[in-house]
1. Among Thr150, Thr111, Thr76, which one shows the biggest mean-square fluctuation in a GNM of the chain, springs joining Cα atoms closer than 10 Å?
2. What's the extension gain from Ile8 to Gln110 if we count 0.36 nm per residue and subtract their Cα-Cα distance?
3. Pairs of Cα atoms under 8 Å, at least six residues apart: use those to get the relative contact order of the chain, whole percent.
4. Name the long-range amide H neighbours of His67: under 5 Å, sequence gap of 5 or more, or other chain; modelled H, no Pro or chain starts.
5. Just the accessible area per residue of the chain, please: how many Å² with a 1.4 Å probe?
6. What size of dipole, in debye to the nearest 20, comes out for the chain about its Cα centre when the only charges are +1 on Lys and Arg C-beta atoms and -1 on Asp and Glu C-beta atoms?
7. 222 nm [θ] for the chain, helices only, -39500 (n - 2.57) per DSSP H run of 4+, per residue, to 500?
8. List, in order, the whole-Hz ³J(HN,Hα) value for each residue of the stretch 129-138 obtained from phi through the Karplus relation with A = 6.51, B = -1.76, C = 1.60 and θ = phi - 60°; use x for Gly and Pro.
Amino acid sequence: MNINFKKILIPIYLILLSYNVLAEIPGVIPVDNKLYAEECGSCHFAYQPGLMPARSWQKIMKTLDDHFGENAELETEEQQVLMDYLIYNSAESSIYRHSVNIERSTAWNQTPLRIANISYIRFQHDDFMEDMLKYNPQIKSRSYCNDCHTKAKDGIYADGIDIPGYGKWDMHGCM
Ligand code: HEC
Ligand code: HEC
């Protein structure tokens, strides 16, 4: 028997999509390092390593004494452990959906220091972000992903969007 997998898989994919099942699958590997969650999650939510390429994490970790206007310096040993964790789990070493898209949308000679500035991420937000942040004291900046993405900690960005001051965002089963 000759089975055409494409013909079977596409309808299955579309059914899952319309019931928003795929939206609840993490798009990036959740943080599973306690030290990282503590040290890098105290001022803002602990960004998943899969949200930036390794070279970006390297640059961030080497300039912690001047970290977006704050001093986030660590002991040398901790810094090394966290750097290894970030590099090992960076966007280019992950097959998760958002990581793959982030890797694809970053030119090899670019080293973004902000996830929010990566073109795949900008593409998702630029239409509305500025208007939403204007006069909205409930969201600190576009860097505070989890202010809107209530499931961000689980690596889920396509579901559970609830924007302070605006309310729940309906993804219309769209990925
Ligand atoms: C002392 C507070 C503090 C600590 C600790 C800290 N950060 Fe930050 N971080 C900030 C601030 C402030 C910003 C800028 C937020 C803004 O622009 O609104 C920032 C921004 C970032 C951004 C850019 C986010 C974006 O896309 O705009 C990354 C990535 C980041 N931090 C990674 C880390 C990592 C990794 C660690 C742990 C080694 C860490 N941070 C620890 C204060 C901190
Ligand atoms: C002001 C609220 C807000 C903030 C802050 C925010 N987002 Fe979003 N994000 C949204 C909304 C709304 C959408 C859905 C846009 C759409 O329907 O096209 C979205 C979509 C996304 C998507 C695409 C999900 C998918 O597969 O369809 C990703 C990935 C994402 N955001 C990541 C992030 C990251 C990472 C940060 C922090 C650096 C962040 N967001 C900050 C509101 C926000």
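1. In the Gaussian network model the winner is Thr76.
2. This chain segment gains 32.8 nm when fully extended.
3. 27
4. Residues meeting the criterion, in which the H sits 1.01 Å from N, are Ala72.
5. Dividing the accessible area of the chain by its residue count gives 65 Å².
6. Dipole about the Cα centre, nearest 20: 840 debye.
7. Rounded to the nearest 500, it is -10500 deg cm²/dmol.
8. Result, ordered by residue: 4, 4, 4, 6, 7, 4, 6, 10, x, 7 Hz.
The values are calculated or read from the model by the stated rules, or taken from the named source; none is laboratory data. In this text the structure is predicted, and so the values were computed from the model without any measurement. Counting neighbours? That spans all protein chains shown, and the Cβs are built from the backbone with ideal geometry, glycine included. The protein model used for the area step is the full one, side chains on, heavy atoms only, and it has no ligands, DNA or RNA in it. Shrake-Rupley method; radii C 1.70, N 1.55, O 1.52, S 1.80 Å.
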